[in-house]
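The values are calculated or read from the model by the stated rules, or taken from the named source; none is laboratory data. Bear in mind the structure is a predicted one, so any value in this text is a computation, not a measurement. Cβ sites come from the backbone with ideal geometry, for glycine too, and all protein chains shown count toward neighbours. Ligands, DNA and RNA are excluded from the accessible area calculation, which covers all protein heavy atoms including side chains. Shrake-Rupley method; radii C 1.70, N 1.55, O 1.52, S 1.80 Å.
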Amino acid sequence: KSGGGGGKPKAVLCYICGKEFGTTSISIHEVQCAKKFEAQQALLPEGQRKPLPQKPEAGEGASLEERNKAAQEAYEDQVMVACPGCNRTFSGQDRMEIHMKGCKAAQALPGNGIRDCMVPAGASAAAASPAGGGGGGKS
């Protein structure tokens, strides 16, 4: 491809799935994404289900960057699931459970019941982990 100018086209972040979409297709996507999210949650046991994330309020004069930041925060806080041992976040309970099989910090937790360890990403894993959550290294 030849470089035209100005970088990436404008994209809007979905607050439900965390993926980027064009400005004209995001409203259509959000409706379909909400249906898919609710269908996926219905397959989970009642204790593991999450409510549909709330669309963030970005304000009428907010820039695309501000709206995307609010959507990213909503996605991370309301959708992502954190490992109770190391606090690494995952897009779903199934991914977190796979991770926990090899996570030394999670295996050291009392009980080590993978199905009992769903911690929303916005919650602190330090409360669930005697080791204090880990992951405090350099970025």
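When you go through Cys83, Cys14 one by one, which is the residue that is modelled with pLDDT under 95 and either at negative phi or surrounded by 14 or more Cβ atoms within 10 Å (Cβ to Cβ) (or both)?
Exactly one residue qualifies, and that residue is Cys83.
Please indicate, with yes or no, whether at least one residue in the stretch 28-47 is open to solvent by 90 Å² or more (accessible area, probe 1.4 Å) and in contact with a His (Cβ under 9 Å, 6 or more places away or on another chain). No - not one qualifying residue is present in the stretch 28-47.
A quick yes/no check of all residues on (1) surrounded by fewer than 19 Cβ atoms within 10 Å (Cβ to Cβ); (2) acidic (Asp, Glu); (3) at pLDDT 90 or above; (4) not in a strand (DSSP E or B):
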residue	(1), (2), (3), (4)
Gly59	yes, no, no, yes
Glu66	yes, yes, yes, yes
Ala70	yes, no, yes, yes
Tyr75	no, no, yes, yes
Asn87	no, no, yes, yes
Asp94	yes, yes, no, yes
Glu97	yes, yes, no, yes
Ala106	no, no, no, yes
Pro110	yes, no, no, yes
